[in-house]
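Down below is the structure, laid out as structure tokens.
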Amino acid sequence: MRVSIIAVDNVVSIDGETHCASCEELIAQDIHAVQWHEDHGEIEFQTYWLASEKRWDRKPNDLIEDFSEFEVYLERWREQKVKDDAERKRRAAMTKYTWPVTEPNVRK
């Protein structure tokens, strides 16, 4: 399973399917993103501008081999997927019924 959690955007992507999920706890820990590739991954930290030194600074990525602390975000993704799928079906049902389209009055 391939997972990307982009904390600043409150977005979780699992195998390319993306849904919104609250990531406030990660932001509070200065985490920008979490990337998971089947059996390993990394935590990417926020980047900050150090005005006094006129440069960007960021803590190096942490490599991880255990994804369990981030499982809560997968559950949030699943909950949002159910909501998004229901909304998609609702909208699709609305488009089943179309009004008859008539040609505009055209001078001949």
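The values are calculated or read from the model by the stated rules, or taken from the named source; none is laboratory data. The shown structure was predicted, so the numbers you read here are calculated from the model rather than taken from an experiment. Reconstructed Cβ throughout: ideal geometry from the backbone, glycine too, with neighbour counts over all protein chains shown.
Taking the listed residues 107, 58, 88, the one that is modelled with pLDDT under 90, within 29 Å of residue 2 (Cα to Cα) and loosely packed, with under 11 Cβ neighbours inside 10 Å is 88, with no other qualifying. Residues that are among the polar types (S, T, N, Q) and on the phi > 0 side of the Ramachandran plot number at least 3 in none of the strands (runs of 3 or more DSSP E) confined to the range 41-97. Please list, ordered by first then second residue, the pairs with beta carbon atoms under 6 Å, 6 or more apart or interchain, first in the range 41-53 and buried (at least 16 other Cβ atoms within 10 Å of the Cβ) and of a type in the set (Asp, Glu), second assigned to a strand (DSSP E or B) and at pLDDT 90 or above. What qualifies is 44/32; 44/33.
Looking only at the range 58-95, residues that are free of Cβ contacts under 8 Å to residues at least 60 places away in the same chain and within 26 Å of residue 29 (Cα to Cα) come to 16 in all.
For the list (1) surrounded by fewer than 17 Cβ atoms within 10 Å (Cβ to Cβ); (2) in a strand (DSSP E or B), I need the number of the one condition that residue 33 fails. Result: residue 33 fails condition (1) only.
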